[in-house]
Amino acid sequence: MHKESAIREPLIIVEKSYSDISDDIIRPIKSKPNRQWWIVFTISFVAFMWGIGCLAYTIGTGIGVWGSNNGVDWAWDITNFVWWIGIGHAGTLISAVLLLFRQKWRMAINRSAEAMTIFAVMCAAIFVVLHTGRPWLDYWLFPLPNQFGSLWVNFNSPLLWDVFAVSTYFSVSLVFWYTGLIPDFAMIRDRMTKPMAKKIYTILSFGWSGRAKDWQRFEEVSLVLAGLSTPLVFSVHSIVSTDFATSVVPGWHTTIFPPYFVAGAIFSGFAMVLTLLLIMRKVFNLEHYITVKHVEYMNIVIIVTGSLVGIAYLTELFISWYSGVEYEQYAFLNRATGPYWWAYAAMMTCNVLSPQIFWFKKLRTNLAFTFFMSIVVNIGMWFERFVIIVPTLCRTHLPSSWNMYSPTFVDVGIFIGTIGMFFTFFLLFARVFPVIAQAELKSIVKSSSIQYKKGNAHH
Amino acid sequence: MNLTYTFPDRLKKATFVLMGIGLIAMIVGFITDHAPEGMEDHYHHNRFWANLLLNTFFFMAIGLAATFFLALQYAAEAAWATTVKRVIEAVSCYLPIGAGIMLLFLILGELGVHHIYEFMDPEVVKHDELIQGKMGYLGPIFFMGRAIVYVVVWSGFQRLFRKRSLDADLNGDSNHVIHFSNMKSAAIFLVFFGVTSSTCSWDWIMSIDTHWFSTMFGWYTFSGMWITALITIILLTLHLKSQGYMEFVTESTIHDLGKWMFAISFLWTYLFFMQFMLIWYTNMPEEVSYYYDRLHEFGYRGILWGMFFTNFAFPMLFLMSRDAKRNAGFLTFVGIIITAGHYFDVYTMIMPAAVHEHKHFGFTEIGMFAGFLGLFVFIVLSNLAKAPLLVKNHPYLDESLHHST
């Protein structure tokens with residue numbers, strides 16, 4: 001018999017029957033988008049198209065149109081790549097790791113977090129594809145036989161490990177996401193009246209019948225995928241970190257990079273989930289499912305991961321001094337006090353200091369403040385990657401190659417374009433996909449909803 | 001239901017015998033520990049002292065990580081382990097004693113009684129520019145001051161959690177005031193532990209190779225102590241069940257403990273591998289010396305790779321299946337092997353720096369381990385006998401008693 005402690009707060013805070021939940025989830029899909037949706041969509045789409053324009057210009061002219069130069073040969077491209085990949089982390093963490101930890105509150109947020117993951121990884125991929133300079137030859141990244149034109153890839157290079165890690169992560173996340181969607185698509189199929197829509201959802205739901213056998217297989221495959229995804233949560237960002245850490249560049253080569261990148265990725269991922277969900281719960285009236293308690297839990301994850309990142313920053317800083325290696329010491333001195341000191345200050349303030357405000361319960365349960373903080377963290381984590389890349393490359397071993405970096409309008413344009421693409425895809429997703437994993441959510445009605453909690457209290 | 005554990009006399013005697021063996025091993029080890037050829041200048045019973053540090057740290061770390069795990073349960077609102085909470089608490093009770101011995105060891109070092117830490121020897125520091133640069137951190141006042149703070153605060157929190165837990169048993173916990181204040185204290189402890197688990201491993205272990213540094217070292221050491229503590233908790237729970245106690249611990253709780261053992265083994269493997277791989281890959285002289293000494297210079301290759309594969313392959317192969325994680329025999333077998341693996345993990349951290357290639361694994365090593373084991377078991381079981389095996393008035397108790405997965 002399942003028991004739930006009385007001190008656990010309800011996760012569905014208004015009395016809802018199973019059919020109410022279905023109605024609430026299907027409403028945005030059945031109804032026409034309102035004016036606000038169109039406004040946001042238009043802005044996102046314009047940004048997206050602007051990005052496509054800059055992207056085409058880059059491909060047509062060459063990456064000389066970027067601000068990257070001889071010294072600083074990685075700049076916004078890799079900063080944005082790592083930023084997006086990091087954001088993509090929360091989805092799998094929420095769906096896989098929190099599933100293994102049996103965190104019931106994940107039910108309300110996992111669907112949109114997973115969607116966000118998929119879109120974020122797509123955005124990240126754009127920068128990988130472009131930064132090679134000749135994207136039409138990008139298939140050379142894969143280990144193809146020599147007669148395709150390239151030489152056999154270098155398996156010793158972390159950049160190749162990245163190709164495998166990111167593509168594995170993307171495909172497993174996609175399968176995980178889709179598997180979870182099947183019963184929900186079936187629910188939509190059963191309630192759709194328009195023939196065309198019904199037909200599409202029928203195909204999407206893979207003949208789901210809702211028999212016990214279907215559910216058993218569904219549960220099994222979810223568990224297996226969770227088991228497979230959990231190491232992926234670690235591997236992807238660890239391998240991204242080895243892009244830097246396997247080098248002999250002071251400030252890049254430090255052993256704490258892999259776990260610290262993973263913590264940072266979860267940190268930024270949760271911030272982006274909060275940004276999206278705080279808007280979505282309002283627009284789609286999902287406040288009864290994505291409650292203040294959910295937001296509070298996410299904010300606690302933000303404190304924990306933000307503090308881990310903080311410990312890692314201080315560890316790096318301290319060990320660079322302790323090492324007695326002057327190049328190492330200079331690298332960190334330069335980050336903190338060099339020409340890009342303001343980026344370092346922004347990173348420290350946004351990532352380490354500001355999340356500590358969430359120690360106050362009043363603030364971590366305040367939605368407007370949380371929204372503001374989620375943006376702050378997103379900015380901070382962008383600066384973290386910028387701080388690792390640009391200030392390091394502009395002050396390498398040879399002072400004659402020292403120079404500064406500033407982005408061009410193309411750099412900015414592509415970055416804004418990916419943000420536009422991310423929001424365009426997310427807005428489309430929110431119109432045609434079930435934004436909450438309703439089948440999973442229904443499984444906690446009998447343990448964590450308000451009516452169950454009340455009913456229990458009478459006994 | 002028998003809720004009171006009695007520490008059997010036979011077992012008590014056995015722990016005394018172990019402690020006796022340990023004492024003999026210490027005396028014999030100290031007397032027979034002569035400087036090997038070529039190390040006469042830097043050798044001051046190093047084998048003996050290194051063994052003392054190894055066992056002191058290894059067992060203290062179990063108590064420390066058990067306290068961490070206890071705090072984690074509070075902070076994460078976790079219910080499943082409430083039925084084994086008293087076991088976790090009992091294991092954590094070794095912390096004040098283990099940390100006390102650790103402090104004593106450091107004081108002896110500062111007094112010049114042993115020479116495990118090069119930087120405590122003014123003669124060495126005088127001729128070593130690199131160490132001079134680190135003295136701001138490793139200088140005696142700051143070094144010892146820090147150590148005292150770690151030991152006092154850790155032990156203070158451990159005593160506090162234990163005291164409040166017993167309080168809730170005896171006096172009830174209306175509105176769960178005690179539970180919530182434990183939650184708050186747990187969060188504060190976790191912050192303190194988050195910093196000090198790293199700094200203590202730099203201070204007490206990494207600093208033996210005084211020139212060497214690795215930013216990962218703290219988290220890597222922490223994962224090793226976590227897994228050892230988890231195994232101790234599992235082994236003790238299984239032992240108690242086999243003695244007819246704790247029938248209220250469901251198979252699912254054992255399964256969950258098994259999952260933790262599986263997962264944290266992977267965490268350790270991940271951190272070990274990443275630290276090793278990055279240092280090996282870049283091959284920078286100031287960093288690679290650590291592994292070069294172990295793998296080439298001093299001949300620890302077999303031990304290092306042996307313990308890596310033990311700590312990685314064993315849990316992976318044996319604990320992958322669900323049934324294995326619910327099987328007492330399996331868990332015990334794998335648990336003991338991994339504990340041995342982690343003993344050698346700490347062994348490879350300490351020995352190469354202390355005795356270079358003159359490594360041993362003989363009566364001194366086994367006897368001193370046995371002695372500390374005896375002390376550890378004695379303290380843990382005595383504390384276990386002091387309180388009922390099941391907590392009372394705990395808000396998650398009912399959830400945990402009905403736990404099934």
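I'm checking my understanding of the structure. Among residues of the range A:309-333 that are closer than 16 Å to B:Ser197 by Cα and among the hydroxyl-bearing types (Ser, Thr, Tyr), which one is farthest from the other protein chains (Cβ to nearest Cβ)? Lay out the reasoning, then the answer.
Of all residues in the range A:309-333, those closer than 16 Å to B:Ser197 by Cα come to A:309-316, A:318-319.
Now narrow it down to the ones that are among the hydroxyl-bearing types (Ser, Thr, Tyr): A:313, A:315.
Values: A:Tyr313: 10, A:Thr315: 5 Å.
By that ranking, first place goes to A:Tyr313.
Within the range B:1-30, count every residue that is surrounded by 15 or more Cβ atoms within 10 Å (Cβ to Cβ) and of a type in the set (Gly, Ala, Ser).
3
For A:Ala96, are the conditions met, namely being within 14 Å of another protein chain (Cβ to nearest Cβ), in a helix (DSSP H, G or I) and closer than 19 Å to A:Val435 by Cα? Step through it out loud before you land on a result.
Values: within 14 Å of another protein chain (Cβ to nearest Cβ): yes; in a helix (DSSP H, G or I): yes; closer than 19 Å to A:Val435 by Cα: yes.
Taking the combined requirement at face value, the residue satisfies it.
Output the helices (runs of 4 or more DSSP H) that fall wholly within the range B:293-405 and possess 3 or more residues being crowded, with 20+ Cβ neighbours inside 10 Å and in contact with a helix residue (DSSP H, G or I) (Cβ under 7 Å, 6 or more places away or on another chain), or say none.
Values: elements: B:301-319, B:328-355, B:363-385, B:397-401.
Of the helices (runs of 4 or more DSSP H) lying wholly inside the range B:293-405, those with at least 3 residues that are crowded, with 20+ Cβ neighbours inside 10 Å and in contact with a helix residue (DSSP H, G or I) (Cβ under 7 Å, 6 or more places away or on another chain) span B:301-319, B:328-355, B:363-385.
Going through the range B:207-251 one residue at a time, which ones are in contact (Cβ under 8 Å) with a residue 12 or more places away in the chain, out of contact with any Pro (no Cβ under 8 Å at 6 or more places or on another chain) and within 11 Å of chain A (Cβ to nearest Cβ)?
Once the filter is applied, which keeps residues that are in contact (Cβ under 8 Å) with a residue 12 or more places away in the chain, out of contact with any Pro (no Cβ under 8 Å at 6 or more places or on another chain) and within 11 Å of chain A (Cβ to nearest Cβ), the range B:207-251 yields B:Ser207, B:Thr210, B:His211, B:Trp212, B:Phe213, B:Ser214, B:Phe217, B:Gly218, B:Tyr220, B:Phe222, B:Ser223.
If you go through the range B:31-59 one residue at a time, how many are loosely packed, with under 15 Cβ neighbours inside 10 Å and free of Cβ contacts under 8 Å to residues at least 24 places away in the same chain?
Residues flagged as loosely packed, with under 15 Cβ neighbours inside 10 Å and free of Cβ contacts under 8 Å to residues at least 24 places away in the same chain within the range B:31-59 amount to 6.
Going through the range B:173-213 one residue at a time, which ones are over 20 Å from A:Trp321 (Cβ atoms) and assigned to a loop (DSSP other than H, G, I, E, B)?
B:Asp173
Test A:Trp37 against the criterion of being assigned to a loop (DSSP other than H, G, I, E, B), touching a residue at least 60 places away in the same chain (Cβ under 8 Å) and out of contact with any Gly (no Cβ under 7 Å at 6 or more places or on another chain), and give yes or no. Steps first, please.
Working: assigned to a loop (DSSP other than H, G, I, E, B): no; touching a residue at least 60 places away in the same chain (Cβ under 8 Å): yes; out of contact with any Gly (no Cβ under 7 Å at 6 or more places or on another chain): yes.
So A:Trp37 does not fit the description; no.
Residues in the range B:265-279: is at least one away from every other protein chain (no Cβ under 12 Å) and either hydroxyl-bearing (Ser, Thr, Tyr) or surrounded by fewer than 17 Cβ atoms within 10 Å (Cβ to Cβ) (or both)? Quick ask: steps written out before the conclusion?
Narrowing the range B:265-279 to residues away from every other protein chain (no Cβ under 12 Å): B:265.
Applying the additional criterion that residues be either hydroxyl-bearing (Ser, Thr, Tyr) or surrounded by fewer than 17 Cβ atoms within 10 Å (Cβ to Cβ) (or both) yields B:265.
Yes, the range B:265-279 contains at least one residue that is away from every other protein chain (no Cβ under 12 Å) and either hydroxyl-bearing (Ser, Thr, Tyr) or surrounded by fewer than 17 Cβ atoms within 10 Å (Cβ to Cβ) (or both).
Of A:Glu287, A:Glu296, which residue is in a loop (DSSP other than H, G, I, E, B) and away from chain B (no Cβ under 11 Å)? Steps first, please.
On the way: A:Glu296 fails: in a loop (DSSP other than H, G, I, E, B).
The match here is A:Glu287.
Being out of contact with any Phe, Trp or Tyr (no Cβ under 9 Å at 6 or more places or on another chain) and either surrounded by 22 or more Cβ atoms within 10 Å (Cβ to Cβ) or outside any helix (DSSP H, G or I) (or both) is the requirement here; does B:Gly244 meet it?
Values: out of contact with any Phe, Trp or Tyr (no Cβ under 9 Å at 6 or more places or on another chain): yes; either surrounded by 22 or more Cβ atoms within 10 Å (Cβ to Cβ) or outside any helix (DSSP H, G or I) (or both): yes.
Yes.
Inside the range B:347-398, can you point out the residues that are over 24 Å from B:Ala229 (Cα atoms) and within 14 Å of chain A (Cβ to nearest Cβ)?
Those that are over 24 Å from B:Ala229 (Cα atoms) and within 14 Å of chain A (Cβ to nearest Cβ): B:Asn393, B:Pro395, B:Asp398.
Scanning the range B:142-190 for residues that are closer than 19 Å to B:Leu397 by Cα, touching a helix residue (DSSP H, G or I) at 6+ places or on another chain (Cβ under 8 Å) and within 14 Å of chain A (Cβ to nearest Cβ), which turns out modelled with the lowest pLDDT?
B:Asp173
The values are calculated or read from the model by the stated rules, or taken from the named source; none is laboratory data. On a predicted model such as this, the values are computed, not experimentally measured, just so you know. Heads up, the Cβs are rebuilt from the backbone with ideal geometry, glycines too, and the neighbour counts pull from every protein chain shown.
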